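The structure appears right after this line, and notes come after that.
Please treat every number below as a calculation from the coordinates, not as lab data. Please read all numbers here as calculations on a predicted model, not as lab measurements. Heads up, the Cβs are rebuilt from the backbone with ideal geometry, glycines too, and the neighbour counts pull from every protein chain shown.
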Amino acid sequence: MKNKIRTLALLSFAILIGICIFKCTTKKAVENAQKEIIGNSEENYKEFCASCHGEKIEAFINRDVWVYGADRESMFKIIKFGKDDIGMPGYAEALNDSEVYEVVDYILSAIENKKSREFSSGENDDITFVSEGMKLKLELISEVADSPWGITQSKNGVLFFTDKQGLLFSKKEKESAIKINGVPEVRFKGQGGLMDVKLHPDFENNKRIYLTYSKPHPSNNNLSTTAVYSGILNNNSIQNGKDIFIAQPYVDTYRHYGSRMIFDNDGYLFLAIGERGRRDDYPQKLDNHLGKILRLNDDGTIPADNPFYHQENAKKEIYSYGHRNPQGLCYDAENNKIYDNEHGPRGGDEINLIQAGKNYGWPVITYGINYVGTKITDLTHKEGMEQPEHYWVPSIAVCGMDFVSSNKYPKWKGDILSGSLKFDYINRNDLSASGEFLKEEKLFPTIGRLRSISQCSDGYIYFGVENPGKIYKVVPVE
Ligand code: HEC
């Protein structure tokens with residue numbers, strides 16, 4: 001009897017300890033599993049999503065409206081199947097269903113975290129930064145609701161800037177911004193909207209202004225293209241405005257519009273057009289304007305010395321081809337050199353020196369791969385195709401660009417600045433006097449999604465970030 005009781009007591013003790021050990025280890029296992037899920041989903045986000053939505057999940061979720069739904073099932077659907085027309089790829093191939101759900105939960109928990117945290121606005125408004133011994137301060141110039149896509153300035157110091165949703169503003173120093181009327185109707189969707197703004201080289205006399213925008217097709221609502229609109233600025237309104245150029249053909253996607261403009265020393269207007277996400281259809285063929293740099297006269301007519309002017313079935317406006325999505329165009333006036341920067345797919349963002357008649361190779365050669373991880377091509381070089389002056393792997397998601405010639409920043413003279421949408425900084429490529437690319441520097445890290453950069457006529461560099469939309473001036477301090 002005594003023995004029986006002892007055995008029973010021992011047995012129950014052992015069971016109790018067993019339960020305890022089991023509970024502890026399963027709790028640990030659950031915790032570890034949770035950590036792993038968050039770890040994997042964060043890694044997957046960084047690998048598959050950051051190239052477009054930004055490295056930091058906080059930047060991606062910093063939006064008021066989720067157009068396709070902020071619930072678990074809607075997000076699952078758009079991530080798994082994608083939405084080709086807005087440029088959101090589907091991940092059915094690269095991620096299994098539970099991995100997609102894990103990314104969804106990662107996004108949803110970041111949204112929850114955001115609600116409990118006041119998202120800072122204005123914390124960057126008094127940033128200083130030291131580069132090559134120059135101390136620089138950022139001055140907040142203006143804010144916009146969406147994205148400050150293009151920035152320029154007249155010789156008498158009036159700043160002009162666009163807001164991608166379809167608004168154009170002018171701003172005199174110390175005064176508040178004024179909305180300009182007479183802007184064309186834009187297709188504000190995906191990557192489209194009101195984009196670049198430039199003034200005619202003789203704007204002081206002729207008041208001519210140029211805008212690029214995504215133009216809806218006049219009769220088919222699914223189609224849009226990149227167009228240049230130009231008119232005369234009078235009383236805060238664009239008058240006698242018309243499209244001086246419309247890229248052909250119209251396409252049913254909402255991405256890769258390109259659309260930066262520059263004027264060279266001879267007054268030619270150069271225009272960068274993206275391939276609209278149709279890499280196999282357009283960039284290598286000369287019978288269309290997509291995936292090209294174009295050269296026009298200031299009224300939209302075509303210079304007869306363009307490289308393909310006399311070639312049958314080629315668009316006469318083409319200056320160079322084989323481009324993907326140029327998001328920056330800049331001009332070294334002293335050496336008469338034009339550069340573009342353009343997005344690679346995943347990896348392979350490039351800076352190219354743009355020369356008449358040259359083929360820049362997309363999508364035959366590239367340093368990038370498809371967003372879902374599959375290969376586009378093994379080739380990075382091919383005869384008859386140009387190599388970039390510089391490329392980034394992984395991509396920094398370049399946007400905005402200018403060449404520094406101003407005496408305000410003596411240590412940056414002759415360098416190229418490019419924005420990084422993904423990593424929230426300005427990239428400086430240090431160039432030698434003969435134009436070789438030397439080192440790089442990251443300026444103003446964490447400042448925001450860089451959209452536009454302009455060295456303006458007052459000699460200062462201005463740049464625009466989005467989410468929230470702000471324009472800053474880079475001011476050297478003594
Ligand atoms: C090639 C660029 C690209 C990549 C890569 C990409 N997206 Fe998108 N995604 C877009 C675009 C463009 C939109 C539409 C504009 C927007 O909402 O930012 C979009 C929209 C979305 C939306 C809907 C937003 C809304 O308003 O409802 C979600 C959710 C989303 N993406 C999640 C992801 C996730 C998760 C990944 C990675 C697995 C990813 N995206 C990768 C381009 C991309």
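Here are some notes:
- Shown in residue order for the range 268-275 are the 3J(HN,Hα) couplings computed by the Karplus curve 6.51 cos²θ - 1.76 cosθ + 1.60 at θ = phi - 60°: 7, 9, 9, 9, 9, 10, x, 8 Hz (x for Gly and Pro).
- Each residue of the range 435-441 was assigned a 3J(HN,Hα) from its phi angle through the Karplus expression (A = 6.51, B = -1.76, C = 1.60, θ = phi - 60°), giving x, 6, 7, 9, 8, 10, 9 Hz with x at Gly and Pro.
- Annotation: lysines with alpha-carbon distance below 23 angstrom to Lys382 (same-chain offsets under eight excluded): Lys285, Lys292, Lys358.
- DSSP loop trypsin sites (Lys or Arg not before Pro) with at most 13 other Cβ within 10 Å: longest gap in the chain: 175-374
- Mean ellipticity per residue at 222 nm, deg cm²/dmol - from DSSP H runs of n ≥ 4 across the chain, formula -39500 (n - 2.57): -5500 deg cm²/dmol
- Here the chain is treated with +1 on each Lys and Arg Cβ and -1 on each Asp and Glu Cβ, and its dipole about the Cα centre works out to around 1560 debye.
- For the range 138-184: rounded, prolate or oblate by the Cα gyration tensor [a/c cutoff 1.5]: oblate
- Karplus-derived 3J(HN,Hα), 6.51/-1.76/1.60, for each residue of the range 165-181, Hz, glycine and proline x: 5, x, 10, 10, 10, 10, 8, 8, 3, 6, 9, 7, 5, 10, 7, 9, 8
- In the range 173-220, the GluC sites (Glu not before Pro) that fall in loop regions by DSSP, at most 10 other Cβ within 10 Å: Glu173, Glu175, Glu185
- Neighbourhood charge, 10 Å Cβ-Cβ cut-off, centred on Val398 and excluding it, Lys, Arg +1 and Asp, Glu -1: -3
- Whole-Å distance, taken between Cα centres, linking the range 196-240 and the range 369-420: 28
- Distance in nm between pseudo-label sites at Asn206 and Glu93 (7 Å out along the Cβ direction from Cα): 4.8
- Anisotropy class of the chain from Cα gyration tensor, a/c 1.5 cut: prolate
- Long-range amide H partners of Ser237 with built H, under 5 Å: Asn181
- For Tyr68, no residue 5 or more places off, or on another chain, has a built amide H under 5 Å of its own.
- 5 angstrom amide H check on Asn427, placed H, neighbours 5+ away: Ser418, Gly419, Ser420, Leu443
- Förster-model FRET efficiency, 41 Å R0, Ile111 and Lys439, C-beta, rounded to 0.05: 0.55
- Three-way shape call for the range 237-362 based on the alpha-carbon gyration tensor, with the a/c threshold at 1.5: rounded
- In the range 276-340, GluC sites (Glu not before Pro) in a DSSP loop with at most 14 other beta-carbon atoms within 10 Å: Glu312, Glu334
- Cut-off 10 Å between beta-carbons: net charge of the residues surrounding Gly267, Lys and Arg +1, Asp and Glu -1: -4
- For Tyr254, neighbours were defined as the other residues whose beta-carbon sits under 14 Å from its Cβ, and their charges (Lys and Arg +1, Asp and Glu -1) total +4.
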